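For reference, the structure is listed below as structure tokens.
Throughout, read-outs are computed from the coordinates displayed, never taken from laboratory work. Remember, predicted model here, so these are calculated numbers, not experimental data. Note that we place each Cβ from the backbone using ideal geometry, even for glycine, and neighbour counts take in every protein chain shown.
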Amino acid sequence: VFEPHNVLVTGGCGFMGSNFVRYVAREHPNVHVTVLDKLTYAGNPANIAGLPPERVELVVGDVCDAELLADLVPGHDTVVHFAAETHNDNSIANPAPFLHTNVDGTFCLLEAVRRCGARYHHVSTDEVFGDLALDDPSRFTEDYPYRPSSPYSSSKAASDLLVRAWTRTYGLRATISNCSNNYGPYQHVEKFIPRQITNIIDDVRPKLYGTGRNVRDWVNVEDHSSAVWAILTRGQVGETYLIGADGERSNIDVLRMIVEAMGRDPDDFDHVPDRPGHDRRYAIDSSKLRRELGWRPAHADFAEGLRQAIDWYVANEPWWRPSKQAAEARYGRQGR
Ligand code: NAD
Ligand code: DAU
């Protein structure tokens, strides 16, 4: 069992990174966390506000800044890398920042980690495997071939391969996790579930891409945090673990659940033009994580988790309101 004391969390002001920082601050009060975040449009210091300052510190900076990393990384025994450009639609409109942050940024971080020997965990996505057909009963496993479809997912696939090469060649003490779609508090309003909830609050009809038959495998972000902690502390160095909670749902089903839970007619939404290259289905087989590390999701009731997410967005309009207009303007330019 590995005991982290001084953890550097990149991207800790984003959705999943901030939920992880909150989880560590709550569950492991002896651990000091440094957040390194560039505060892009997706990063918000409010996401980690209110945590004890002697245990959680924010450094504003770029994972592509090698000089900063050479200074900052050596003070830490552990690095958990969440920072990335994460939204597929943005990557289709402009791939450049995805290559920069996700590929160059991971490279810079790996070089800094290599020099100081910290334990490294790489947060990645099931999208590296591409998609499954709707009528294909199989699910992704750790040895499934990489076949990414979008500029975003191909940049994440590239970053995973760098981690594997640095592990084999330089003996980096690294693990990788690939997770399916997360949902929960502090998720940016550009993402599917928050976009539809906040549209309904604004009396705008929700927007479903194409037929809406595409399937995503939903995981509560709290369960993602506990899984990353389990892998970091009890995972085997050099190994990859898939994180999932058996949460497969079609987009149209999820949208109807949101619309109904918010008191609207279940068909009160619009179909909009499909995303180019839109992956059909993601499905995670997380049995390795469950079998080897004994991890279980504590929030596997999706309907209940969705109701809590709706309540959170209703109660936290001042948090999301400042980003809503710009996110919808980006969609407007893409006709979605
Ligand atoms: P997010 O978009 O909400 O947040 C990303 C964070 O990274 C922001 O705080 C941003 O400011 C920061 N950042 C971006 N570029 C940076 C740079 N160059 N230097 C430093 N910080 C930078 O992301 P998220 O949805 O929380 O995803 C976090 C990680 O999890 C990503 O690596 C993503 O690929 C992966 N992931 C996400 C999901 C999901 O459902 N959202 C699922 C599986 C894996
Ligand atoms: O699978 C993990 C991935 O999940 C992460 O790696 C990504 O960072 C994360 O953004 C997410 O990718 P998706 O593309 O699946 O998520 P998004 O929230 O953009 O969309 C979810 C599904 O909903 C997808 O099939 C597209 C559809 N969609 C999305 C939006 C924003 C709509 O139908 N309407 C919408 O308005």
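Looking for something assigned to a loop (DSSP other than H, G, I, E, B), under 20 Å from the mean Cα position of the chain (by Cα), within 16 Å of THR10 (Cβ to Cβ) and not hydroxyl-bearing (Ser, Thr, Tyr) - is there at least one such residue anywhere in region 63-79? Within region 63-79 (the criterion being assigned to a loop (DSSP other than H, G, I, E, B), under 20 Å from the mean Cα position of the chain (by Cα), within 16 Å of THR10 (Cβ to Cβ) and not hydroxyl-bearing (Ser, Thr, Tyr)), the answer is yes, since at least one residue qualifies. Reported count of residues in region 163-211, each being buried (at least 18 other Cβ atoms within 10 Å of the Cβ) and more than 10 Å from ligand 2 (Cβ to nearest atom), is 14.
Is it fair to say LEU51 is touching a strand residue (DSSP E or B) at 6+ places or on another chain (Cβ under 9 Å) and either near ligand 1 (Cβ under 10 Å from one of its atoms) or part of a loop (DSSP other than H, G, I, E, B) (or both)? Yes; evaluated as a whole, the condition is true for this residue.
Taking region 135-234 and the helices (runs of 4 or more DSSP H) fully enclosed by it, the elements with 3 or more residues that are of a type in the set (Gly, Ala, Ser) are at 151-170, 221-234.
Could you say whether any residue in region 182-204 is at positive phi and over 20 Å from the mean Cα position of the chain (by Cα)? Yes: one or more hits. Scanning region 20-38 for residues that are within 13 Å of ligand 1 (Cβ to nearest atom) and in contact with a Pro (Cβ under 7 Å, 6 or more places away or on another chain) yields a total of 0. Restricted to helices (runs of 4 or more DSSP H) entirely inside region 285-336, those with at least 3 residues that are within 15 Å of ligand 2 (Cβ to nearest atom) and within 21 Å of the chain's Cα centre (by Cα) are 302-315, 317-333. Against the criterion of being under 21 Å from the mean Cα position of the chain (by Cα), more than 16 Å from ligand 2 (Cβ to nearest atom) and not in a strand (DSSP E or B), VAL59 does not qualify.
When region 250-302 is limited to residues that are charged (D, E, K, R) and within 23 Å of ALA93 (Cα to Cα), the one that is surrounded by the most Cβ atoms within 10 Å (Cβ to Cβ) turns out to be ASP279. In region 54-76, which residues are in contact with an Asp or Glu (Cβ under 9 Å, 6 or more places away or on another chain) and more than 14 Å from ligand 1 (Cβ to nearest atom)? Listed by number, the list holds a single entry, ALA70.
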